[in-house]
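Data block below; observations after.
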Amino acid sequence: SVTESFAKVIHGLKVEHLTDHVIQRSKRMILDTLGVGILGTSTEVFHKVSEYSKIYSSNISSTVWGRSNFKLPPTYAAFVNGVAIHSMDFDDTWHPATHPSGAVLPVLIALAEDLPSSPKFSGFDLLLAFNVGIEVQGRLMHFSKESSNIPKRFHPPSVVGTLGSAAAASKFLGLSRTKCQEALAIAVSLAGAPMANAATQTKPLHVGNAARHGLEAAILAMLGLQGNRQVLDMEAGFGAFYTNYSPKVLPNPDSHAWLLGQQDVAFKRFPAHLITHWVADAAAALRKLLLSDRAVLPIEHIERIVLRVPDVPYVNRPFPDSEHEARHSFQYVACAALLDGAVTVPSFHECQINRPQLRDLLSKVELEHPQDNLPSFNTLYCEISVTLKDGVTLKEHSDTFYGHWRKPLSQKDLQEKFRANASGILSPDSVERLIKMVENLEDLEDCSVLTRLLKAPSPQE
């Protein structure tokens with residue numbers, strides 16, 4: 001069955017099956033995910049879920065990133081760190097559309113730290129389990145054409161991420177093929193979150209829950225809990241999430257081709273929904289035209305701003321009132337880029353959102369949805385036009401932004417993003433050692449040493 005073939009791949013893939021291409025891409029994903037997760041520990045939503053999680057205690061505990069002496073049971077450490085990763089919508093994005101790393105990496109780092117293992121989990125063990133978790137997500141999304149487009153009904157990381165987490169944990173824990181199959185079955189019943197909570201503080205919980213629930217599914221399977229072993233074959237199983245569900249048996253591990261080797265991820269330069277990065281790119285280019293013979297942006301002379309973008313209702317927010325709404329607003333990102341020339345982490349602070357000049361610009365924005373501009377991260381574009389009061393209209397177009405898989409971030413810029421994200425929380429020495437450690441992850445004998453560097457310095461230090 002399809003479900004059996006997934007279990008066979010999860011259980012059967014070995015370090016030797018990893019290619020250099022996949023290793024290099026996945027190390028970039030790991031470094032970026034650690035950085036945005038560390039930065040995310042400064043957010044209000046992280047503070048709320050970490051306070052909630054303190055009600056749990058266990059003899060086995062794992063580090064909460066960016067904290068000096070805060071440890072939790074592995075499932076809740078995975079939850080809290082997963083929330084941190086997605087708390088600012090700054091994590092990597094794949095095609096078909098999902099955030100693949102945030103549901104997987106916190107699980108493996110939590111497990112590596114305190115579970116007894118002899119020998120210890122190596123960097124190669126981490127790379128293999130991480131890529132198994134990413135691969136399962138990609139394979140599942142290829143079972144329906146619906147997943148190729150930006151979602152309308154549910155948030156994909158809450159669905160495929162949960163199964164990716166279960167697969168990665170199953171691989172790391174060395175579960176049998178049968179128990180890998182059970183873990184997937186259990187994970188399906190723990191998956192899912194509607195899009196209604198996009199642009200709220202609840203959306204980051206989707207990634208945290210995917211990490212936690214996938215790990216719980218693997219542990220429950222390890223303890224003997226059983227589910228439907230045909231869960232990926234059935235419309236009443238995993239097919240309940242997708243229309244036109246058409247699952248296929250996976251090839252044997254020895255003839256396996258990694259999806260990450262065929263399709264890279266996008267890394268964000270600022271923390272907002274990926275679709276807004278096309279908008280920022282086009283708006284920043286148009287700003288240069290508006291300033292060609294002026295020293296100051298002529299806001300009072302702007303009559304009308306038109307954005308030609310795909311029809312994605314939950315990113316159509318004309319007057320966002322919070323940082324989470326601003327991160328999911330075509331209009332806000334366009335106006336911030338026009339006003340400032342670039343969109344950055346501070347662009348979403350409350351004082352920036354409520355600037356009178358920016359609110360004035362927002363009132364002039366209109367959206368149009370050309371029929372050829374489909375809501376797919378692989379094909380969409382953004383066109384922005386600004387009409388001045390003297391009748392002059394200026395236009396700019398973006399079909400690929402810097403950071404997209406067609407125009408990937410350089411290794412230097414990816415590392416600079418990590419430094420910017422982590423340096424406010426971790427010591428300078430820890431930041432540089434983490435970069436070097438991830439860069440040489442396949443040489444690491446004990447990957448639990450990562451967690452020592454993910455802790456913030458104590459007050460005494």
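Annotations
- With all pairs of different C-alpha atoms in the average, the Kirkwood value for the hydrodynamic radius of the range 99-244 is 15.1 Å.
- Cross-link partners for LYS8 among the lysines, with Cα-Cα distance under 21 Å and sequence neighbours closer than 8 places in the same chain left out: LYS171, LYS179, LYS248.
- Across the range 192-343, C-alpha contacts under 8 Å between residues 6 or more apart give a mean separation that, scaled by the residue count, equals a relative contact order of 26 percent.
- With a cut-off of 19 Å on the backbone N, the residues of the range 357-377 near the modelled label site 7 Å out from ASP399 along Cα-Cβ are 369-377.
- Amide N of the range 1-34 lying under 18 Å from the label point, which is placed 7 angstrom from the Cα of ARG419 along Cα→Cβ: 28, 31-34
- Alpha-carbon centroid distance for the pair the range 232-298 / the range 399-426, whole angstrom: 16
- Förster-model FRET efficiency, 56 Å R0, ARG406 and LEU115, C-beta, rounded to 0.05: 0.90
- Sparsely packed loop sites in the range 50-112 (the chymotrypsin sites (Phe, Trp or Tyr not before Pro) outside DSSP H, G, I, E and B with at most 14 other Cβ atoms within 10 Å) comprise TYR56.
- Take the range 120-182 with all the other protein chains still there, run a 1.4 Å probe, and you get 27 Å² of accessible area per residue.
- Across the chain, the convex hull enclosing all Cα atoms gives 140 Å³ per residue.
- Difference of contour (0.36 nm per residue) and Cα-Cα distance, LYS14 to LYS436: 149.5 nm
- Mean separation of Cα contacts under 8 Å (6+ apart) over length of the chain, as relative contact order %: 22
- Considering only alpha-carbon pairs that sit under 8 angstrom and 6 or more positions apart, the relative contact order computed for the range 317-425 is 15 percent.
- For the range 30-93, the share of accessible area belonging to carbon and sulfur comes to 49 percent (1.4 Å probe, ligands and nucleic acids excluded).
- Rounded to the nearest 500, the helix-only mean residue ellipticity at 222 nm of the chain stands at -13500 deg cm²/dmol, with each DSSP H run of n ≥ 4 adding -39,500 (n - 2.57).
- Computed extension length for ARG294-SER427: 43.6 nm, one decimal, from 0.36 nm per residue of separation with the Cα-Cα distance subtracted.
- The stretch between GLU44 and ASN69 holds 7.1 nm of extra length on full extension. This uses 0.36 nm per residue minus the Cα-Cα distance.
- Based on protein heavy atoms only, the range 334-461 ends up with 50 Å² per residue of surface accessible to a 1.4 Å probe.
The values are calculated or read from the model by the stated rules, or taken from the named source; none is laboratory data. Because the structure is predicted, anything quoted here is derived from the model rather than measured. For neighbour counting, all protein chains shown are included, and Cβ atoms are generated from backbone atoms with ideal geometry for every residue, glycine included. Ligands, DNA and RNA are excluded from the accessible area calculation, which covers all protein heavy atoms including side chains. Shrake-Rupley method; radii C 1.70, N 1.55, O 1.52, S 1.80 Å.
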